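Okay, structure first, notes after.
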Number of protein chains: 4
Amino acid sequence: MAQHFASDNYAGVCPEALKWLVEANSSGHEPAYGDDQWTQRVCDAIRDLFQTNCDVFYVFNGTAANSLALASLCQSYNSVICHEVAHIETDECGAPEFFSSGAKLMVASGTNGKLTPQAIETIVTRRSDIHYPKPKAVSITQSTEVGTVYQIDEIQAISAMARKHGLALHMDGARFANAVATLGAHPADITWRAGVDVLCFGGTKNGLPVGEAVVFFNRELAQDFAHRVKQGGQLASKMRFISAPWLGLLENDVWLRNARHANAMAQRLHDALIKIPQVEIIFPRESNAVFVKMPQRAANKLLADGWRFYQFIGEGGCRFMCSWDTQKEMVDKLAAAVSEACAG
Amino acid sequence: MAQHFASDNYAGVCPEALKWLVEANSSGHEPAYGDDQWTQRVCDAIRDLFQTNCDVFYVFNGTAANSLALASLCQSYNSVICHEVAHIETDECGAPEFFSSGAKLMVASGTNGKLTPQAIETIVTRRSDIHYPKPKAVSITQSTEVGTVYQIDEIQAISAMARKHGLALHMDGARFANAVATLGAHPADITWRAGVDVLCFGGTKNGLPVGEAVVFFNRELAQDFAHRVKQGGQLASKMRFISAPWLGLLENDVWLRNARHANAMAQRLHDALIKIPQVEIIFPRESNAVFVKMPQRAANKLLADGWRFYQFIGEGGCRFMCSWDTQKEMVDKLAAAVSEACAG
Amino acid sequence: MAQHFASDNYAGVCPEALKWLVEANSSGHEPAYGDDQWTQRVCDAIRDLFQTNCDVFYVFNGTAANSLALASLCQSYNSVICHEVAHIETDECGAPEFFSSGAKLMVASGTNGKLTPQAIETIVTRRSDIHYPKPKAVSITQSTEVGTVYQIDEIQAISAMARKHGLALHMDGARFANAVATLGAHPADITWRAGVDVLCFGGTKNGLPVGEAVVFFNRELAQDFAHRVKQGGQLASKMRFISAPWLGLLENDVWLRNARHANAMAQRLHDALIKIPQVEIIFPRESNAVFVKMPQRAANKLLADGWRFYQFIGEGGCRFMCSWDTQKEMVDKLAAAVSEACAG
Amino acid sequence: MAQHFASDNYAGVCPEALKWLVEANSSGHEPAYGDDQWTQRVCDAIRDLFQTNCDVFYVFNGTAANSLALASLCQSYNSVICHEVAHIETDECGAPEFFSSGAKLMVASGTNGKLTPQAIETIVTRRSDIHYPKPKAVSITQSTEVGTVYQIDEIQAISAMARKHGLALHMDGARFANAVATLGAHPADITWRAGVDVLCFGGTKNGLPVGEAVVFFNRELAQDFAHRVKQGGQLASKMRFISAPWLGLLENDVWLRNARHANAMAQRLHDALIKIPQVEIIFPRESNAVFVKMPQRAANKLLADGWRFYQFIGEGGCRFMCSWDTQKEMVDKLAAAVSEACAG
């Protein structure tokens, strides 16, 4: 079986990104640490994309992007408010705490994996004593860990609440492209125009081999971030190979095409699965993931047959993730396999 | 001007590494985080290379490789003994201190950038009170920051001293290949057989786009290192693109061919520069670097003419670094330019 | 009003502790950093008390005692399992995360503020992937934050589960004395004989001016702890003034007498409050605290009248804490005031 | 032998400090964590002393005072410039690095243990690349580790240089009182009026049982410092016992009287030792320490006879430290013993 639904990071590099990686290698020697022509070009392209003079930094992965960004927003005795299923809370092995030297994540629940202004305010106002790590930042994931998407007005409401309490707003955009594709909105409208201070713009899941961009719309917060990146072990010496592939994503809106395709494949899968009586869709399909519940024995059969996907959210919970290169045929095959496994 | 002598990380990706990166992209979906076929293959190849069952981890750059390795050797209240020109001391913006949460580097001087057993013992035995960070590891760089190379017996003597005082031995091998090429020794003989516990095996300067391998010969010290890598933001999701290019280096000993070439180009430059009366060679040429002193006005002229190299070690000190792709013609051109600048 | 029920740290120094502090000042000069006669005596007294050759360290407060102890049990990528109301989770402003450089607290709920073996196992076995901070220690509070006490067999069951999964067992004993007084057990029986590796033995709330003892029953875990204490800013230079007052507590079992008195006062308060129809006792009274719910307006009246106590656990939740010097008359006055406020 | 010359922290508590500690215990219950009457009074007294509205915090010892203060001045990727014999560099077991999560100390030499503006500028301007931890603070010790004292104009010159380069100025005042006594200057004149941003005002060596005050003249830098203190394990619950003894020092200028006495005893010792032919005074006697060189065999004899003092600065180097309670008779006895040991 050539394709999987476990994660969109099982996919490889999209051709456009690879083309630019190879191209960047053809220019002979280039200054290291980002003083090369490619890095400069990509920074400009990202500023164009967001229509604002933001500060852009390249790091190797999402763990680092989010952790370094959050570390720049708070001190060790501060806290970061996020949803209880936020990747920074559940899947980073304590990286945000490590890079911030101890800032605590304060989690809230919220329907469909989304944080609400009210939940933020509850956490901020719960206590104000010295023994409580002072909230300093809010982190939201767009699209969320359960495949849903914050609407523009939801982000605006969150950022208004953050501002009210003096909190910075961080967006984990590991799948930012998928959210933009879903919303059909301008990238600026769901970030800085809606009050986001810093975006971790995911490249890897969108088709890069490696690398994420940390985009500071609030440029004051980016002060000395280059030093933080260096000390954090995230400064690539041959940076052109991290940056140049972004050109492949940004030129001709390949990043959006990739995201739209992944979203469409998820929709196709969703539409097929919803017809299977034993299958229950557990989160609205809004990006490139489909979350379902099925009989555990059906899930087991699929795994035994070599299908790969994540199991969680209890008995029979399954996550199917589509990527930029997921083929229709594979989606249909999976849907048929699910149907058969459930019937079996 | 297409080639520079500032750093070997100005060079691009060698063709063999690029071939395997592209090849790794042709296999469709692959499990993430290192559970892919390519990563497995490279780990085996490195174990074969060193003829021992070592534990191998891939990280993004040398800052992280060294810092995470040292963090695994000591606690925050320990110290690491190294040479005063060690890269970990001079050029990591405090990364070793950050990743170890405060371990102090204790520096010693030593001829030609090399640490000596005696210097280690002096630092270890200087004090034993509670106010002195307890030495726990020794770090040596092979080849060194000034382009020299530790002989096998020098490493053995250092490791004997380290063992005597219960210290682990770390080798910063950002240019390990160049040292092996110079010594003509088996890689095992200058690492674990000589008492090295952990090697940071540099790939980037040898022709990779990105990535270093952390090789634990002392496997007990590698316990939970995977968690440390993850928390440290160094776990690549699409790890095949970090690991597969190593195959290009390891197959047919391309890594050694690359290193030998760089060394030879440095020798060629050295042999030309030594003839210029105003130029003084300040460190023995033993790997791919040539360190000289020349009149500062000559250095200025070279810079003005577009040559790129590092200036340091005071007035007129210059470092010229050759890489896997440095061309003879460029070396000769540089030598001629130096000659002219000195004469001018 | 001379006495309060907000916290047992509102009380002063008990006469016996003060006597020894003054006494320690009468010996003229003494070596610093613990090499004095008093510190040695107290260490021996604590070893006698626990009937084992434990390693004893003195630190300034409970935040440091717990945080340094936990830091010695785990690395930054590990996690510590504790109850959701554990002081280390709710009231340390991220100190455990700071001192461990990022270890995550994994919380469980459990009746009456007590962790259960099953809850520990659920957290340990929930996941084993690299993205999940690897559990390495369990922390329990004795007596608990809600005034209850772990029975010996409960501790034994927890330590058995901890051992099963390779976890160290830490006991936050800020009110250890109160628990020993309640259980009538030998201190050794609820610590090392029941499998506790390290106890933070609280002195401040029991009548000291400042200072807690960190007692390592598992002496291997204490390796280099003195360096950790020093680096953590917890090594007193004139240590005799931290250690000597412990003699006042330990001689003639004053620590137990103090605890028994506080417990008895809480029992007296409990017995009075339970008769007030509008008051509900919300946790069993097992140490020196009484937790009740009363009409919020009654709580407000008490506060307005100058009574000091903690409000929490929602609307009308109140904590009344008794100390070594709480007077019967004050207890009775408080009970009368509550009765009147509820009736009013 | 009742008195020693090893360190001024071998002395006990001065009567005035002890009086207030006992007094603070007589007021019954007091709110914890600094909300008590005594802490408030001492803060006001310190503000009066310095004739400015500074922010004052109490911590347990000098390690913590300096480390937390420096951590509040810089981020992990910054560096702190100090003298190579600074206590923060030589005797804190990496505490400044730990509390700042990796900030590097950049050391300079300088006559008589004093940093110079030129040395600061050399370090700041040496490099400006991303691999060099960006200097953010200067730390000076007053009086210095070798017993000398910065003159007002020296401090002014250092602070001017610090300001020029955007660096904050920290003063380690473990023996601040001795410097003030020597200079006969107003405390404000050698701190904030000379450009010091934060002073760690030492109490322990001046006669307290435990505790130092961190005094922020630059109040912006004190933002959230209370949270940092809490997370750093330095917030005393029964804080009155840390703060109240300060009243004993501040009332009637006991702190100055104590310092003057210690200084005078050092002068007396100095005047006696200088007459011994085999003894060489190696640093000017400007505070309460006398540094000499004598034949090593003489030093050995003194130690064998039970005298306690520090040996360092090589063969025969000895430090004799006087304290608030050092007796003339002991000084004379020591001088006689040195004379005899040297003659012997």
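The values are calculated or read from the model by the stated rules, or taken from the named source; none is laboratory data. Computed from a predicted model, the values in this text were never measured in an experiment. Every residue, glycine among them, receives a Cβ derived from its backbone with ideal geometry; neighbour counts consider all protein chains shown. Just the protein is used for accessible areas: all its heavy atoms, side chains included, with ligands, DNA and RNA removed. Shrake-Rupley method; radii C 1.70, N 1.55, O 1.52, S 1.80 Å.
List of remarks:
- Any chance D:ALA174 is within 14 Å of another protein chain (Cβ to nearest Cβ), under 18 Å from the mean Cα position of the chain (by Cα) and not acidic (Asp, Glu): yes
- Any hit, region B:322-329, residues being among the aromatic types (Phe, Trp, Tyr), open to solvent by 10 Å² or more (accessible area, probe 1.4 Å) and touching a residue at least 40 places away in the same chain (Cβ under 8 Å): yes
- Test for B:PRO96: is it more than 14 Å from chain A (Cβ to nearest Cβ) and either open to solvent by less than 10 Å² (accessible area, probe 1.4 Å) or touching a helix residue (DSSP H, G or I) at 6+ places or on another chain (Cβ under 9 Å) (or both): no
- Test: C:ILE81 is within 28 Å of B:ALA71 (Cα to Cα) and either assigned by TED's automatic domain parsing to the domain that holds C:GLY314 or in contact with an Asp or Glu (Cβ under 9 Å, 6 or more places away or on another chain) (or both): no
- Boolean, B:LEU302 is open to solvent by less than 20 Å² (accessible area, probe 1.4 Å) and either in the same structural domain as B:GLN151 (by TED's automatic domain parsing) or on the phi > 0 side of the Ramachandran plot (or both): no
- When region C:294-319 is filtered for residues that are touching a Phe, Trp or Tyr at 6+ places or on another chain (Cβ under 6 Å), outside any loop (DSSP other than H, G, I, E, B) and over 17 Å from C:LYS275 (Cβ atoms), only C:ARG319 remains.
- Subset of region B:121-153 (residues that are touching a Gly at 6+ places or on another chain (Cβ under 9 Å), charged (D, E, K, R) and closer than 23 Å to B:ASP189 by Cα): B:GLU145
- In region B:209-221, residue nearest to the other protein chains (Cβ to nearest Cβ) [restricted to those that are open to solvent by less than 10 Å² (accessible area, probe 1.4 Å) and in contact with a Cys (Cβ under 9 Å, 6 or more places away or on another chain)]: B:VAL214
- Criterion violated by A:VAL146 - all others in (1) under 15 Å from A:VAL196 (Cβ atoms); (2) touching a Phe, Trp or Tyr at 6+ places or on another chain (Cβ under 6 Å) satisfied: (1)
- Test: residue in region D:39-54 that is over 19 Å from C:PHE99 (Cα atoms) and either part of a strand (DSSP E or B) or within 12 Å of another protein chain (Cβ to nearest Cβ) (or both): no
- Listed by first and then second residue, the pairs linking a residue in region D:145-165 that is within 11 Å of D:PRO117 (Cβ to Cβ) to a residue that is of a type in the set (Phe, Trp, Tyr), with Cβ atoms under 8 Å apart and 6 or more places separating them unless they lie on different chains, are D:ILE158/D:TYR150.
- The set of residues from region B:147-161 being open to solvent by 10 Å² or more (accessible area, probe 1.4 Å) and either within 14 Å of B:GLU84 (Cβ to Cβ) or not β-branched (Val, Ile, Thr) (or both) comprises B:GLN151, B:ASP153, B:GLU154, B:GLN156, B:ALA157, B:ALA160, B:MET161.
- Annotation note: Cβ proximity below 8 Å between a residue of region B:171-188 that is not assigned by TED's automatic domain parsing to the domain that holds B:VAL215 and a residue that is modelled with pLDDT of 95 or more and of a type in the set (Ser, Thr, Tyr) (sequence gap 6+ or interchain) occurs for no pair.
- Just one of the numbered conditions (1) touching a strand residue (DSSP E or B) at 6+ places or on another chain (Cβ under 6 Å); (2) within 21 Å of A:ALA32 (Cα to Cα); (3) of a type in the set (Lys, Arg) is not true of B:LYS293: (2).
- Selection status of C:THR122, in a helix (DSSP H, G or I), within 22 Å of A:GLU84 (Cβ to Cβ) and outside the structural domain of C:GLN267 (by TED's automatic domain parsing): yes
- Single residue of B:GLU89, B:GLU30, B:GLU97 found to be of a type in the set (Asp, Glu) and assigned to a loop (DSSP other than H, G, I, E, B): B:GLU30
- Selected residue (criterion: nearest to the chain's Cα centre (by Cα)) from residues of region D:1-13 that are surrounded by 24 or more Cβ atoms within 10 Å (Cβ to Cβ) and more than 7 Å from every other protein chain (Cβ to nearest Cβ): D:ASP8
- Test: residue in region A:101-120 that is in contact with a Gly (Cβ under 9 Å, 6 or more places away or on another chain), at the interface with chain C (Cβ under 9 Å from one of its Cβ atoms), more than 16 Å from A:HIS170 (Cα to Cα) and open to solvent by less than 40 Å² (accessible area, probe 1.4 Å): yes
- Criterion (under 30 Å from C:GLY102 (Cβ atoms) and not hydrophobic (A, V, I, L, M, F, W, C)) met by exactly one of B:PRO117, B:PRO135, B:PRO187: B:PRO135
- Residue in region C:79-88 that is closer than 23 Å to C:ASN9 by Cα, within 14 Å of chain D (Cβ to nearest Cβ), of a type in the set (A, V, I, L, M) and open to solvent by less than 10 Å² (accessible area, probe 1.4 Å) present: yes
- Count of region D:173-189 residues which are of a type in the set (S, T, N, Q) and at positive phi: 0
- Scanning region C:227-267 for residues that are under 24 Å from D:LEU235 (Cβ atoms), open to solvent by 10 Å² or more (accessible area, probe 1.4 Å) and among the polar types (S, T, N, Q) turns up just one, C:SER237.
- Count of residues meeting criterion [open to solvent by less than 10 Å² (accessible area, probe 1.4 Å) and facing chain C (nearest Cβ under 9 Å)] in region D:14-25: 2
- Residues of region C:188-208 that are open to solvent by 10 Å² or more (accessible area, probe 1.4 Å) and either in a loop (DSSP other than H, G, I, E, B) or hydrophobic (A, V, I, L, M, F, W, C) (or both): C:ASP189, C:TRP192, C:GLY195, C:ASP197.
- When D:LEU235, D:LEU269, D:LEU247 are checked against the criterion of being of a type in the set (A, V, I, L, M, F, W, C), assigned to a helix (DSSP H, G or I), touching a residue at least 60 places away in the same chain (Cβ under 8 Å) and over 24 Å from D:PRO187 (Cβ atoms), a single residue qualifies: D:LEU269.
- D:TRP307 satisfies every condition listed in (1) within 14 Å of chain C (Cβ to nearest Cβ); (2) modelled with pLDDT under 95 except (2).
- Hey, A:PHE291 more than 14 Å from every other protein chain (Cβ to nearest Cβ), part of a loop (DSSP other than H, G, I, E, B) and aromatic (Phe, Trp, Tyr) or not: no
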